[in-house]
Structure formats: structure tokens, C-alpha cells
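Inspection log for the structure reproduced underneath, given as C-alpha cells.
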Number of protein chains: 2
Amino acid sequence: MKTRDKILLSSLELFNERGERNITTNHIAAHLAISPGNLYYHFRNKSDIIYEIFQEYEKLVDYYLDIPEDRPMTLEDMTFYLESVFDGLWSYRFFHRDLEYLLDSDPRLRQDYREFTNRCLAAINRIFGKLADAGIIQPQPEDLRSAMSLNVWLVITNWMAFLKTAHAAEEPASLSLTELKQGIYQVLTLEVPYLTPEYRERVLALREKYRPTLPEAQGISGVEA
Amino acid sequence: MKTRDKILLSSLELFNERGERNITTNHIAAHLAISPGNLYYHFRNKSDIIYEIFQEYEKLVDYYLDIPEDRPMTLEDMTFYLESVFDGLWSYRFFHRDLEYLLDSDPRLRQDYREFTNRCLAAINRIFGKLADAGIIQPQPEDLRSAMSLNVWLVITNWMAFLKTAHAAEEPASLSLTELKQGIYQVLTLEVPYLTPEYRERVLALREKYRPTLPEAQGISGVEA
DNA sequence: GACTGCCTAGAGTATATACTCTAATAATAC
DNA sequence: GTATTATTAGAGTATATACTCTAGGCAGTC
């Protein structure tokens, strides 16, 4: 593999594990056993590395959320979207952690991320529309649907941060993809009241599969009333 | 005012405005026109300042979310809770911005924040219970109610971060309390499908008051389908 | 072999950051 | 007043961080 690609890969790995704030360019170079000079030969600065990683993230999610318009949506489609989005979130999890700082330090990133968010919101909105067309959820006025889409986005993008805070210190890398996928349970919770009688049971059963396990150990559920 | 209190106040102000990551202890001292030595006479380190500010935040929110058990809940109560929580979020907005880093660098904070989250979730859960008792929303099984409470928490704690990313660069301090309160619209959106016929119109009217204005300017709503 | 263009090492730098140390000043107690 | 304590100034330090600069290796080409 080319050094340039190795830099991107290692950066992502280190950022995900320890947070962008805790990883310096010297760390990245040391991890690859190359010189800082070498790293800076391939990238002008740290921001450029991050920006390039973001573009990969963007591409991945855009690919996942490319919704076919030629056929009705199925429950399997919906599951695929949810699984994919959480996969993407996981693979680039450093990004949402320091989002505000990153956007503040790179105008390109801010602009691109804004557009990315809008595309994601539009996709979620379209999914809701197609779920209604397919008779899985009841159709809703555009107003409500937009607000619901935004809530879905808020839940998705905040779920990982929440999990991290819910964990006691423990080992640093204690968060797992499995736990992350429990966010799907939370997203499906948003759909529950809108399910049509025909699909209600099936979706509820699907939702059960993602139910958080060991709630009391993490204190993330089982809230005493 | 005592120097110690001035340090806390200025720190909060600077953190909120420019983010904890961008504010050093030297900045704080300079802003107060005191020496770094003076600052470190009052606080052992930066973490201690942050921890103390968090404790104020905690106290404030706990105070707001102290739910009276001796009478049924009203819509006015609910409005008060929502307004208060978003006020608190605003006053200590730096905190959620760098949450993960802050928790990683201070075990006390991590522990306290976990408990704080659990108290908030419990309060939200209790509010849902009392809203059902009051006939404002339909009663729900405990399972669903917990998941809904968690979603409310996720929406609330992520709303500000979302707004910040939705903004174009512009002036740094471009986010306003008014915009922040539009998060209430999002929270009420979560309640919509559960409203009882008797209260439906009143709550929908209340929700309208918080509807985001100028959606197209910020691209945070009006998602094209 | 010499030229060229890409790649790499590694020492080095300017700046920043959290924090320390000493000495002096102000406040309070007696 | 004097002793004691609390507060403050301000220079200073060790470390880190993002990034630069120079010199050189190495592959291919003629």
C-alpha cells in the first residue's frame, strides 16, 4: 500500500480509538514508523488528512443511502439502511466526537458537512415517504415528516456519544459495534406509533432484536420511575 | 466578587463562546487581567474549574427537574420543564460540545455525569408518566416509555450541536437562545402521536410557537423530498 | 553512469500550554 | 504595631504540537 493511503488508514484508526484531539501528526508518523517529514510530504497539514477522511465517509454514506425509486420499499430495505448508517457511523466514529471543533477549523469541511447533513435528512425523509407508500407506516403531512426525519437524524448522530458517556471508565475501547447497533432500537422506537396494523407486529419483532442487553450494567435503560 | 468566583464566571463565558478546547488557563487569566499564578492559587488545574462549573450546571438542572408529586401535571408544567432544560443547556453549552474529552480527562466528572444522565432520564420518564396521568398523552407500557425518554434526551442534548453544524460559518457567536428553543419543537414532535384527543389541539398549538423560522436560510428544515 | 522525479529521514523550530516558584502586597488577628 | 495568613504578580519551565528544511536514497530512463 502507498504511504499516502497508509497515513489515511492509520489516522482513521488512531482517531477512532483515541479521538482526534489526542492524536498528533507525530503520533501518526510514529505509528507508521515513518518520519514527520514524510507525512508532511503527503499532506500539507492535519486538516487535510481529516478532510480527506471525511470525504470517504461522505461517499460511503451517500452510497448506502442511494434509495431506488423504481420499486416499493420493504422492511429489509429499511433494516439495510439502518444497519448501514450505523456501520458508517462506527467506521468513522471519531468524526462526530469532535465535530464542532473540526468544522470550526476547516471551512471546506463545514460547508461539505452542511450539505451532507441535508442530503441525509432528505434521504431519511424519502425513506419515510416510501415506507408510507409501502403501507408500513401511516402517511404523515410533510411538516411532521420533516420534523420526524430530523429527530431520526438527531438520535442517530447522538447515539454513540450517549453510549460513551453511559459507560463507566473501564477499558478505553470498551464500546462495541453491537452496542452501537442498539441505536437502531431507538430509531425504531420513533416509528412505533406510526406503524400500520398490517406491519406493526413485524416491525416490533424486528425492533426487539436490537433491544439493549444488560441494561442495568450500563445504566442506559431501566430507568426507575 | 471574589476572584475565585470571577474565574468560574469568566471561564464559563469564554468556554461557551469559543469552546473549552480553544480556551487556555492563560486566556482566562488574561481576560480577568490577573496573573496565571493567581488563577492557580485558586484552582489546582483546568479540570477543577470545569468540574466546579459542571456541578453548578448539575444543580441548576436538578432544581428545574424537581417534579412535584402532590398534584397532577399541567401543560404549563411541561412547558416550564422544556424551557428550563433548554435554558440550562444554553447557559452551560460548552459542556456538551467537548463532552467526551472532558469525561475522558476527569473520572469524577465521568462518574457524576453518568449519574446526572440517569437522573435526567428518570425525570423525563416521570414526566411522561404524569402527562399520562393527567390525560395529556396516552399511557404507554414502561418499555416504550423508557425508550421514548431516552429519545427525548438524545434530541435535547444533540439539538445544539446540530444547530451549530447547520449554520454556515458567519459570525462565531451566531447561535441564539431563540434558535435553541426551537429544539422544543422537536421534542414536542416526539409527543405528537401520543396526544389524547382532548389535549391534541392545545399541544399542537403550543408546538407551533416553537416552529423554526426562516428554515430555508439555515437549511435545517424544508427538506426537499 | 548520470540525470530526473518521487519519496523519505530526521533534526530542528516557533509557538503554545498547563502549570510552578518566589517574592511581594494586602488583609486580618492579636 | 506586629505577626500571620490570604492573595496576587509575573517571570519562568517542561513539554507538546504542528510543521519546515535539508540532504539524501531509489527507481526508472537514456
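Please average, across the residues of A:144-153, the number of beta carbons from any other chain that are within 10 Å of each residue's own beta carbon, and give a whole number. Mean shielding by partner chains, rounded to a whole number: 6. Subtracting the Cα-Cα distance of B:L9 and B:D87 from 0.36 nm times their residue separation leaves 26.4 nm of extension gain. Size descriptor for the stretch B:1-96, Kirkwood hydrodynamic radius: 14.8 Å (Cα pairs only, one decimal).
For the peptide B:121-131, the mean number of other protein chain Cβ atoms found within 10 angstrom of a residue's Cβ is 2.
With the whole protein complex present, A:Y101 retains an accessible surface near 60 Å², based on a 1.4 Å probe. Which net charge results for the neighbourhood of A:R71, defined as the other residues with beta-carbon distances under 14 angstrom from its beta-carbon, given Lys and Arg at +1 and Asp and Glu at -1? Once positives and negatives cancel, what remains is -4.
Across peptide A:101-108, what mean number of C-beta atoms from other chains lies inside 10 Å of a residue's C-beta?
Details: counts 7, 1, 4, 7, 2, 0, 2, 0.
Counting other chains' Cβ atoms within 10 Å and averaging over A:101-108 gives 3.
Counting only Cβ charges, +1 for Lys and Arg and -1 for Asp and Glu, the dipole size of the stretch B:1-43 around its Cα centre is about 100 debye.
Counting Lys and Arg as +1 and Asp and Glu as -1 over every other residue whose Cβ lies under 14 Å from the Cβ of A:Y199, the net charge comes to -2.
Once you have a ≥ b ≥ c as the square roots of the Cα gyration tensor eigenvalues for the stretch B:155-212, tell me rounded if a/c is under 1.5, and otherwise prolate or oblate according to whether a/b is larger than b/c. Kindly include the intermediate steps, with their values, before the conclusion.
Values: a/c = 4.22, a/b = 2.56, b/c = 1.65.
Prolate, since a/c reaches 1.5 and a/b exceeds b/c.
Hey, how many Å between the Cα centroid of the stretch B:13-83 and the Cα centroid of the stretch A:50-89? The stretch B:13-83 and the stretch A:50-89 have Cα centres separated by 38 Å. Using every pair of distinct Cα positions in the stretch A:1-43, the Kirkwood expression returns a hydrodynamic radius of 10.1 angstrom. Reported value for the stretch B:81-154: 90 Å³ per residue, from the convex hull of its C-alpha atoms.
Using a probe of 1.4 Å on the protein chains alone, the accessible area found for B:R108 is around 100 Å².
Hey, with R₀ at 30 Å, roughly what FRET efficiency would A:S176 and A:N118 work out to, going by the Cβ-Cβ distance, to 0.05? If you can, show how the numbers build up before the last one.
Working: r = 31 Å, r/R0 = 1.02.
The value I calculate is 0.45.
Modelled spin labels at A:F80 and B:L75, positioned 7 Å past Cα toward Cβ, are 4.5 nm from each other. In the complete set of protein chains, residue-level accessible area for A:M78 is approximately 10 Å², probe 1.4 angstrom. Label positions at A:R18 and B:H31, each projected 7 Å from the Cα along the C-beta direction, are separated by 2.9 nm. Amide H contacts of A:I137 (H built 1.01 Å from N, in plane; Pro and chain starts excluded): A:A132, A:T196 sit under 5 Å, all sequence-distant by 5 or more or on other chains. Fraction of C-alpha pairs exceeding 17 angstrom in the stretch A:125-194: 49 percent, rounded to a whole number. The base-10 log of I(q)/I(0) for the protein assembly as shown, evaluated at q = 0.06, 0.10 Å⁻¹, reads -0.27, -0.76 [Debye formula, identical scatterers on Cα atoms, solvent excluded].
Using the alpha-carbon positions of the stretch A:47-218, Rg (one decimal) and Dmax (whole number) come out as 16.8, 50 Å.
The values are calculated or read from the model by the stated rules, or taken from the named source; none is laboratory data. From a predicted model like this one, the values you see are computed outputs, not experimental measurements. Because the Cβ atoms are built from the backbone with ideal geometry, glycine has one as well, and the counts that use them run over all protein chains shown. The accessibility values were calculated without ligands, DNA or RNA, using every heavy atom of the protein model including side chains. Shrake-Rupley method; radii C 1.70, N 1.55, O 1.52, S 1.80 Å.
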